[in-house]
């Protein structure tokens, strides 16, 4: 049985493999064949996720700011950018089972620019990204 820290490392490596390296063959080793998807943005199953990523621009980038694990669950707080649209700040929750990513939920929000931020603080990181300074 994996520890929460091991699960956190597994999920971070899986996200890097799929979203940064775009290595779909290697990503199959991380995502369960019976992967369950609870997202309004992502079609069902592992292939639904992989096909969505394949259709996104090569400039797609995922940056993680926070990873928290409890038992079989890992929560990531990160930023998806490079899609040509406004960057998104996302909380991903993943359930790990038998050493693979078995289930996923997410909460998406468009990243606010400095001008759009009522608090004047960035949503991700400790400063506004260059494209978010307007």
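Taken together, the values in this text are just the output of simple stated rules run on the coordinates, not laboratory data. Remember, it's a predicted structure, so these values are computed and weren't measured experimentally. Cβ: placed from backbone, ideal geometry, glycine included. Neighbour counts: every protein chain shown.
Just to be sure I understand, how many residues within region 107-122 are touching a residue at least 40 places away in the same chain (Cβ under 8 Å) and at positive phi? Break it down into steps so the answer makes sense when it comes.
Narrowing region 107-122 to residues touching a residue at least 40 places away in the same chain (Cβ under 8 Å): 108.
Now restrict to residues that are at positive phi: none.
Total meeting the criteria: 0.
When 41, 104 are checked against the criterion of being touching a strand residue (DSSP E or B) at 6+ places or on another chain (Cβ under 7 Å), over 23 Å from residue 9 (Cα atoms) and in contact (Cβ under 8 Å) with a residue 40 or more places away in the chain, a single residue qualifies: 41.
Looking at this structure, is residue 116 more than 13 Å from residue 11 (Cα to Cα) and surrounded by fewer than 19 Cβ atoms within 10 Å (Cβ to Cβ)? Break it down stepwise before answering.
Details: more than 13 Å from residue 11 (Cα to Cα): yes; surrounded by fewer than 19 Cβ atoms within 10 Å (Cβ to Cβ): yes.
When the stated conditions are applied, residue 116 passes them.
Evaluating residue 119 against the criteria (1) closer than 23 Å to residue 3 by Cα; (2) out of contact with any helix residue (DSSP H, G or I) (no Cβ under 7 Å at 6 or more places or on another chain) leaves one unmet condition, (1).
Can we say residue 125 is in contact (Cβ under 8 Å) with a residue 24 or more places away in the chain, within 25 Å of residue 7 (Cβ to Cβ) and part of a loop (DSSP other than H, G, I, E, B)? Yes: the conditions hold for residue 125.
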